[in-house]
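Please read the structure below before turning to the comments.
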Amino acid sequence: ITSTFPLKNSFPDADIQFFAEGGQLIENISGKVAFKAIQEKGLGIHVKGEITDNNGKVISTLESQHLGMGTFMFMPETGKSYQANLTFANGIKKTVNLPAIKSTGIALSAVKTAAGNLNIRISSNPAYFAANQNKKYYIVAQSKGIICYAAQTELNTPVFTASIPNAKFPAGMVQLTLFSAAGEPLSERLIFVNLPDDLTVSKVFVKSPV
C-alpha cells in the first residue's frame, strides 16, 4: 500500500537579522541598516514594523521590499537601547532587540552615484574622534582578490568623504576596508559595481561548401 501526503509545519515561525553598514551600530553615527526576514523554511518573508527606543518612542519604520529584504536609516543615541516591533506576512508578531551598540567607533559607508563614481564616507563619533584625532588610516578596495585602489588619510575631521571613479574597478563585487595605521581592520563594506558591457558581437556569415 502506498500513500502520499504533505507534512505541514506544526510550529510556523519567522525571524529577522540586522546588518549595520560598515559592520557595527555606533552611537551618534547615522547609517544604513539592512535586514533579512525569513520564515521557518529559510525562505524570505515580507515584514513591516517600527523601531522604538527604551522609552517607547518610534524612531524609524521598516518594510521589506523583496524576499524579506530591505533597509532603513538609523542613528543610535547615547545611553539608549532599541527594539523592532515586527509583523510578518504569516501573521506572526515579534519584538526583537537591535544589535548591540558601540559607545565609541568609526564607520565606513559607500554609495554609487549617477555620475559613475563610488562615494565613500568615514564617520567617527565624538568619543572616538577625541581619542584618535590626527592618526593615520588606510582605505583599501579590492575586487576578485586584486587590490584596485588604496589611499591614506588622517582623522582631521569627524566626517571625511571621497569619490573614487568606478573605472578603477572591474564589474562585480568590490570590498572596501578601513584599516588603522597598525593594519587593524576597523570597518568594511561590500558594494556591487555595474559597468557597461564592452563585449561587441558582430554577425559572421560562413558560406556552405555544399
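The values are calculated or read from the model by the stated rules, or taken from the named source; none is laboratory data. The structure presented is a predicted model; accordingly, all values stated were derived computationally and were not measured. Positions of Cβ are backbone-derived with ideal geometry, glycine not excepted, and every protein chain shown enters the neighbour counts. The area values use the complete protein model at the heavy-atom level, side chains included, leaving out ligands, DNA and RNA. Shrake-Rupley method; radii C 1.70, N 1.55, O 1.52, S 1.80 Å.
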Mind checking whether some residue in segment 141-159 is open to solvent by less than 20 Å² (accessible area, probe 1.4 Å), part of a loop (DSSP other than H, G, I, E, B) and touching a Lys or Arg at 6+ places or on another chain (Cβ under 6 Å)? yes
Restricting to segment 48-64, what's the tally of residues that are more than 29 Å from I106 (Cβ to Cβ) and either open to solvent by 80 Å² or more (accessible area, probe 1.4 Å) or under 18 Å from the mean Cα position of the chain (by Cα) (or both)? 3
Has segment 91-101 got at least one residue that is modelled with pLDDT of 95 or more, open to solvent by 80 Å² or more (accessible area, probe 1.4 Å) and among the hydrophobic types (A, V, I, L, M, F, W, C)? no
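Quick check on segment 161-170. Is at least one of its residues more than 27 Å from K48 (Cα to Cα), open to solvent by 70 Å² or more (accessible area, probe 1.4 Å) and assigned to a helix (DSSP H, G or I)? Even if it seems obvious, please write down each step before you answer.
Residues of segment 161-170 that are more than 27 Å from K48 (Cα to Cα), as a first pass: 161-170.
After this cut, where a residue has to be open to solvent by 70 Å² or more (accessible area, probe 1.4 Å) as well, the list is 161, 167-168.
From what's left, assigned to a helix (DSSP H, G or I): 167-168.
Yes, the conditions are met somewhere in segment 161-170.
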Return only the number of the condition from (1) more than 30 Å from P185 (Cα to Cα); (2) in contact with an Asp or Glu (Cβ under 9 Å, 6 or more places away or on another chain); (3) open to solvent by 80 Å² or more (accessible area, probe 1.4 Å) that K41 does not satisfy. (2)
Suppose we keep only residues that are open to solvent by 20 Å² or more (accessible area, probe 1.4 Å) and over 21 Å from the mean Cα position of the chain (by Cα) within segment 11-38. Which one would you say is farthest from T177 (Cα to Cα)? F11
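Filtering segment 71-129 down to residues that are hydroxyl-bearing (S, T, Y) and assigned to a loop (DSSP other than H, G, I, E, B), which residue is nearest to K57 (Cα to Cα)? Can you show your working first?
Of the residues in segment 71-129, the ones hydroxyl-bearing (S, T, Y) are 71, 78, 81-82, 87, 95, 103-104, 109, 113, 123-124, 128.
If we keep only those that are assigned to a loop (DSSP other than H, G, I, E, B) as well, we get 78, 81, 103-104, 113.
Working: T78: 15, S81: 11, S103: 21, T104: 24, T113: 34 Å.
The qualifying residue nearest to K57 (Cα to Cα) is S81.
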